[in-house]
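First the structure, in the form of C-alpha cells, and then the observations on it.
The values are calculated or read from the model by the stated rules, or taken from the named source; none is laboratory data. These numbers come from a predicted model, not from an experiment. Here the Cβ positions follow ideal geometry from the backbone for every residue, glycine too, while neighbour counts run over all protein chains shown.
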Amino acid sequence: MEKIQLAIDGKEVTGSRGQTILEIARENGIDIPYLCYHPRISKTGACRICIVRVNDQMLKTSCTEPATNGMKVDTEDEEIIEIRRGILELLLAEGDHNCLYCDANGDCELQALCFRYGVEQPTAGFPKNTRGRDFVSSQGLRRNEDRCVLCGRCVKACGEIQMSRVWSFAGRGGQTHLTSDLFKRIGDSSCVQCGTCVQLCPTGALSFQTVLGRGQAWELEKESSICIYCGVGCEIDFYKNKQGQLVKALGSEDGPNKGHLCVKGRFGFDFVQSDKRLKKPLIKKNGEFVEAEWDEALDLVASRLGEIRSQSGPDSIMAFSSAKCTNEENYLMQKFMRAVIGTNNVDHCARL
C-alpha cells in the first residue's frame, strides 16, 4: 500500500494510505485515549474521547479521520483536555459508576480515563439520565445498563464478529438504551453466550456470571492455555482468583482465534475444579470402582485387549479418538490400532 508520512506530537511517523490517525498512532506507540474504538470492529466515532487537533485548526475524531500525507496532529492540549474531562463527567452522570462496587473495578477503561484526567463523580449541574434501565441477565452474562456508556462495542461485536446480531440500540436521545432481539430478555433471546460482547465492553455494563462474588478484576491472575475442545486450537487467557479457582476466560489476541471464543471455550472450564473430577484411574474390584496406580491400570487394559484380540480377532476392537487430544496423540492412536491391534476400526469425535 502507498506509504504516507505525518507528524504526531512533533514525531515524524509513517503509515499507509487509508489508515486513520488513531491506527497509525497505535502502531507507533503514541497514546490517544478512546472508548468506542476497538481494533476488531468497524469505526464508530461516537464517544469523542479520541479527538485530536489537525493542522493546528480543526478537532477531529482520530478513530475515524483518515491520515493524509504531511498532516500535523496534536493529540492533547488544554482545550482537548477540558473537552475530554467534560465528556467523562457526562458519562459518569448518566449512570451508576461506583468503582468500589463494580465488577470491572481495576479493569475498566472508563475508570482508567477518569483517573488519568482527574475526573470525579459529578455532584451537581448534570441531569441524571432517565432512560429505561435493564438489569436482566442470562446464565452466562450479567447486564447492568447503569454502567453502559452507549459506546456500541457490544452491538458491533455481536453483529460483526459473532454474526448473531442480538444486541441493538432502541430509543432516541436521552432515552437511548441497549436491547436484545427487539426487547426480549437476554436470557430468552438468540444469544449463544459466546461472551464476545463482554470481552469488548469497556465498562462494567456487561460481565461474566462466573466471576461474581469470586474475585475482583485487579486481583485475578492470568495464565494462558489452549482450548481443549475442537481442533481449531484457540488460545485462551484464563484468570484465577486468590483461592486458585478459574473464574474467567478471555480469548487471546495472539492465537488463531484472534480474541474470539465460542461458548465452550468461554465457559467450559468448570470441570477443572469439580469435586467429581477423576485424578486417578479406577478399577472395578468386587463390583466396586477403587483407585489404582497407573501401572496397574495400564497393565490391566493391555492384558484384556490382548485377550479379546486373541479370542475374537482384531476387528472385535475399535478406538474412538478425541479432538481434545493433540494431533500427535491422535496419530499414535490410529497407529496403535493399525500396527499393534491390527484393525482399521478407528473413529473420531470431530467427524460426528
Are any residues in segment 1-13 without any contact (Cβ under 8 Å) to a residue 12 or more places away in the chain and either among the β-branched types (Val, Ile, Thr) or assigned to a strand (DSSP E or B) (or both), and if so, which ones?
GLU12
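If a residue has to be among the β-branched types (Val, Ile, Thr), surrounded by 13 or more Cβ atoms within 10 Å (Cβ to Cβ) and modelled with pLDDT under 70 to count, how many in segment 85-143 make the cut? It would help to see each step written out before you state the result.
Looking only at segment 85-143, we keep the residues that are among the β-branched types (Val, Ile, Thr), and these are 87, 119, 123, 130, 136.
Filter once more, keeping what is surrounded by 13 or more Cβ atoms within 10 Å (Cβ to Cβ): 87, 119, 136.
Checking which are modelled with pLDDT under 70 leaves us with 136.
Qualifying residue count for the region: 1.
Based on what the data block shows, is GLN175 on the phi < 0 side of the Ramachandran plot and more than 16 Å from the chain's Cα centre (by Cα)?
Details: on the phi < 0 side of the Ramachandran plot: yes; more than 16 Å from the chain's Cα centre (by Cα): yes.
Yes: the conditions hold for GLN175.
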What residue, among those in segment 75-84 that are free of Cβ contacts under 8 Å to residues at least 40 places away in the same chain and in contact with a Leu (Cβ under 9 Å, 6 or more places away or on another chain), is surrounded by the fewest Cβ atoms within 10 Å (Cβ to Cβ)?
GLU79
Among strands (runs of 3 or more DSSP E) entirely within segment 281-342, at least 3 residues that are under 30 Å from GLY265 (Cα atoms) and not acidic (Asp, Glu) occur in 319-321
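Residues are listed down the side, and each one gets a yes or a no for (1) touching a strand residue (DSSP E or B) at 6+ places or on another chain (Cβ under 6 Å); (2) surrounded by fewer than 12 Cβ atoms within 10 Å (Cβ to Cβ); (3) in contact (Cβ under 8 Å) with a residue 40 or more places away in the chain:
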| position | (1), (2), (3) |
| --- | --- |
| LEU282 | yes, no, no |
| LYS285 | no, yes, no |
| TRP294 | no, yes, no |
| LEU298 | no, no, no |
| LEU305 | no, no, no |
| SER310 | no, yes, no |
| PHE320 | yes, yes, no |
| ALA323 | no, no, yes |
Scanning segment 210-244 for residues that are surrounded by fewer than 15 Cβ atoms within 10 Å (Cβ to Cβ) and polar (S, T, N, Q), which turns out farthest from ALA157 (Cα to Cα)?
GLN243
For ARG48: the one exception among (1) under 30 Å from the mean Cα position of the chain (by Cα); (2) touching a residue at least 40 places away in the same chain (Cβ under 8 Å); (3) on the phi > 0 side of the Ramachandran plot:
(2)
Consider LYS248 against the criteria (1) on the phi > 0 side of the Ramachandran plot; (2) buried (at least 21 other Cβ atoms within 10 Å of the Cβ): it satisfies all of them except one. Which criterion is unmet?
(1)
Just give me the residues in segment 28-43 being without any contact (Cβ under 8 Å) to a residue 60 or more places away in the chain and touching a Lys or Arg at 6+ places or on another chain (Cβ under 9 Å), in sequence order.
ASN28, ILE30, ILE32, TYR37, PRO39
Has segment 156-176 got any residue that is among the aromatic types (Phe, Trp, Tyr) and within 18 Å of LEU261 (Cα to Cα)?
yes
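Quick check on THR64: is it surrounded by 13 or more Cβ atoms within 10 Å (Cβ to Cβ), in contact with a strand residue (DSSP E or B) (Cβ under 8 Å, 6 or more places away or on another chain), among the hydroxyl-bearing types (Ser, Thr, Tyr) and at pLDDT 95 or above? Outline the logic, then answer.
Working: surrounded by 13 or more Cβ atoms within 10 Å (Cβ to Cβ): yes; in contact with a strand residue (DSSP E or B) (Cβ under 8 Å, 6 or more places away or on another chain): yes; among the hydroxyl-bearing types (Ser, Thr, Tyr): yes; at pLDDT 95 or above: yes.
In short, yes.
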ALA323 passes all but one of (1) closer than 30 Å to GLY140 by Cα; (2) out of contact with any His (no Cβ under 9 Å at 6 or more places or on another chain); which number fails?
(2)
Going by the conditions given, is GLU235 more than 26 Å from HIS97 (Cα to Cα) and modelled with pLDDT of 95 or more?
yes
